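Reviewing the structure listed below.
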Amino acid sequence: MQTTNIVDENIKRIGELFPNCLTERLDENGRPEVAIDFDQLRQELSKDIVEGPEERYQFTWPDKRNAIRLANAPTTDTLRPCREESVDFDNTQNLYIEGDNLEVLKLLRENYLGKVKMIYIDPPYNTGNDFVYNDDFSQSTGEYMHNSGQEDEEGNRLVINTESNGRFHTDWLNMIYPRLKVAKDLLSEDGVIFISIDDNEVENLRKVCDEVFGLENHIETVVWKNKYGAGAKTVGFISSHEYILCYSRNPITDITCEFEGEERDKYNKKDEKYAQRGPYRTQPLMTNSLGDRPNLMYSIFYNGVEIKPHKQWVWSKERMEKAIENNDVEFSLQKDGSYTVRSKSYLYDEMGNVRRGKPVSIMNGPFTQDGTKEMRDLFDGKAIFDFTKPSRLIEFFLKLEINSKSNKDFVILDFFSGSATTAHAVMQLNADDGGNRKFIMIQLPEATDEKSEAYKAGYKNICEIGKERIRRAGKKILEEQKAKQGDLFSGEQKKLDVGFRVLKLDSSNMQDVYYSPEEFNEKLLFEDNIKPDRTDEDLLFQAMIELGIELSAKIEKQEIAGKTVWNVANGYLMACFDKDVNETAIKAIAKQHPYYFVLRDASLATDNVADNFEQIWEEYSKDTIRRII
């Protein structure tokens, strides 16, 4: 009843590479367990090992080992469904999860391993103040001074400790490192992550990401001009930008975006003959900048006139002839009777898609003021959430094409959801281009300030704001779609998913049933191993987590032989948590041939039914994997 122990998995991998390094030892309970013989492993790696005082390049901070351990440690927590706060619970493929994002990410690791195409996060910026995500590693000043070696042997400070010193960097790094380490496992092979950050931690975040994702997978550090107009700062420069770090799971070969803004405005020429391809722009085909290449020095003919390049052409002769044939070359007659030759680039390709280009590393908007206005418009003019990102910023990243693959059906994760801008962007883009992108939002239910407008409006924590934003944005998007379509607002359009399934992090559904021999008595045999406040649906979701089934899977409630049976993903998992389940019910369920069947330990009607349980399944569906909880 806990997630996979990553340390055990790492030991297994080392054992596969170096089986001679596996050994055994006794654990704290005196039972044998597999362990790594580090002396033997050191011998295997002795050629390249770096140890002791030898200087080496590394990025470290106090408590980094604990942060690594925290990322690898399993969790016994679970996720409990909350239908009353959800929208279209039974049909939606979107998730909104409340709870500490590190524990939630661990729970999602098996279910969504390698299934998330894009992650966008806007973590709390390190402003020198305490923040919520401290994982019990937030240190007092004294602890930091001791751990970082800034005290002498008698405990005297070696440096003055101020609010701007490294103590706050340490807290922030201990917060972000394990979360990124776990999140990486969720990324697909061609997955990418985008992280918003400001000046305070951008250098440290870059080093952390280089370590977690690999230096070779750094795509770009985008400078985002995030506001217009002057600020109120009176000393130094007025800051009008933030950063967005972009990393991929594996090295990428290409990344493109649709032309927008100033770049799109360059397509300002018309060609009536090819109106379906839209406006076009031109660029010169003669160049003086390339080295001497004989294959680029040739003549072409137009209207009986021979045209030679001043030095050479940009294209080969074969490509030039094909471009002329496709009307992708423009010839302009000059006063002296000569021709200039330029390539034509249409806004739309032959399939009607907007032509794509390379994204630039400096983004001029959209602006935070746009995000603020977006929230005010949704919440009747009230300032419910400060400094929210504009949804068009997330939409831009959602539309990026990685390795020449255009995909409108994938999972997007945001584990610092805040006001749920990412969810809003996903729904809006799906409405615009007919996509089927799904979102997973994770947010700690951090209390709102009692003096804030959000609290006065009835939103007691950030999760309440995020969920309400998704509800309002979804309703607005559907209304806009209907207004555009009119009577043509067909069933196809109504399939737009603006719902979300709410799950909440909680402790395990299971009672503490571990007793020492002297405490054990016969009465304990009849104690229920499920906590009394947990529902059948709570147990179902814990089973889904443990069996690696996506938490957005379709769930149907059926009655079979008089018992309630939960059917997940069209029979992939069937579960029954009713009491007094007899052989008739088990036979009827077995005849459905589910891949998994889960039954509550206290559900079997009699000892005789328990004795015949396996035999029934062997007879009617022997390949079904059975689990008793």
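Every residue in the stretch 430-443 that is crowded, with 21+ Cβ neighbours inside 10 Å and among the hydrophobic types (A, V, I, L, M, F, W, C), please.
Hits for the stretch 430-443 are PHE439, ILE440, MET441, ILE442.
Would you be able to tell me the number of residues in the stretch 379-408 that are under 14 Å from the mean Cα position of the chain (by Cα) and of a type outside the set (A, V, I, L, M)?
Count: 1.
Quick check on GLY466: is it at positive phi, crowded, with 16+ Cβ neighbours inside 10 Å and at pLDDT 90 or above?
no
Starting from residues that are in contact with a Lys or Arg (Cβ under 7 Å, 6 or more places away or on another chain) and without any contact (Cβ under 8 Å) to a residue 40 or more places away in the chain, keep the ones in the stretch 307-331 and report whichever is nearest to LEU347 (Cα to Cα).
ASP328
Quick check on the stretch 339-350. Is at least one of its residues outside any helix (DSSP H, G or I), closer than 22 Å to GLY229 by Cβ and either assigned by TED's automatic domain parsing to the domain that holds GLN276 or in contact with a Lys or Arg (Cβ under 9 Å, 6 or more places away or on another chain) (or both)?
No, the stretch 339-350 has no match at all.
Would you confirm whether any residue within the stretch 408-425 is assigned to a loop (DSSP other than H, G, I, E, B) and surrounded by fewer than 17 Cβ atoms within 10 Å (Cβ to Cβ)?
yes
Here are some residues: GLU306, GLU330. Which one is surrounded by 13 or more Cβ atoms within 10 Å (Cβ to Cβ), part of a strand (DSSP E or B) and either modelled with pLDDT of 80 or more or not assigned by TED's automatic domain parsing to the domain that holds ASP292 (or both)?
Only one candidate qualifies: GLU330.
What are the pairs with Cβ atoms under 7 angstrom where one residue, in the stretch 489-505, is in the same structural domain as ASN430 (by TED's automatic domain parsing) and the other, located anywhere, is at pLDDT below 55 and of a type outside the set (Phe, Trp, Tyr)? Sequence gap at least six, or different chains.
As it stands, the answer is none, since no pair meets every condition given.
Hey, does the stretch 398-406 have a residue that's polar (S, T, N, Q) and either part of a strand (DSSP E or B) or touching a helix residue (DSSP H, G or I) at 6+ places or on another chain (Cβ under 6 Å) (or both)?
Within the stretch 398-406, none of the residues are polar (S, T, N, Q) and either part of a strand (DSSP E or B) or touching a helix residue (DSSP H, G or I) at 6+ places or on another chain (Cβ under 6 Å) (or both).
Has the stretch 351-365 got any residue that is touching a residue at least 60 places away in the same chain (Cβ under 8 Å), part of a strand (DSSP E or B), touching a Pro at 6+ places or on another chain (Cβ under 9 Å) and of a type in the set (Gly, Ala, Ser)?
no
In the stretch 387-419, which residues are small (Gly, Ala, Ser) and on the phi > 0 side of the Ramachandran plot?
Within the stretch 387-419, SER404, GLY418 qualify.
Looking only at the stretch 408-447, how many residues end up being of a type in the set (Asp, Glu) and either outside the structural domain of GLY474 (by TED's automatic domain parsing) or at pLDDT 95 or above (or both)?
1
For GLU480, which of the numbered conditions (1) surrounded by 15 or more Cβ atoms within 10 Å (Cβ to Cβ); (2) in a helix (DSSP H, G or I); (3) touching a residue at least 40 places away in the same chain (Cβ under 8 Å) fails to hold?
(1)
Based on this model, can you work out whether ILE394 counts as touching a residue at least 40 places away in the same chain (Cβ under 8 Å) and either touching a His at 6+ places or on another chain (Cβ under 9 Å) or surrounded by fewer than 17 Cβ atoms within 10 Å (Cβ to Cβ) (or both)?
yes
Would a scan of the stretch 249-269 turn up a residue that is surrounded by 11 or more Cβ atoms within 10 Å (Cβ to Cβ), at pLDDT 80 or above and more than 30 Å from ILE197 (Cβ to Cβ)?
yes
Report, by residue number, each residue of the stretch 583-611 that is among the β-branched types (Val, Ile, Thr), assigned to a helix (DSSP H, G or I) and under 19 Å from GLY571 (Cβ atoms).
Residues satisfying the conditions are ILE586, ILE589.
With the requirement that a residue be touching a residue at least 40 places away in the same chain (Cβ under 8 Å) and not charged (D, E, K, R), what does the stretch 595-615 give you?
Scanning the stretch 595-615 gives TYR596, VAL598, ALA602.
Just to check your reading of the model, which residue among ASP611, ASP601 is surrounded by fewer than 16 Cβ atoms within 10 Å (Cβ to Cβ) and more than 38 Å from the chain's Cα centre (by Cα)?
Matching residue, one of ASP611, ASP601: ASP611.
The values are calculated or read from the model by the stated rules, or taken from the named source; none is laboratory data. Keep in mind it's a predicted model, so treat the numbers as computed, not measured. Cβ atoms come from the backbone with ideal geometry, glycine included; neighbour counts cover every protein chain shown.
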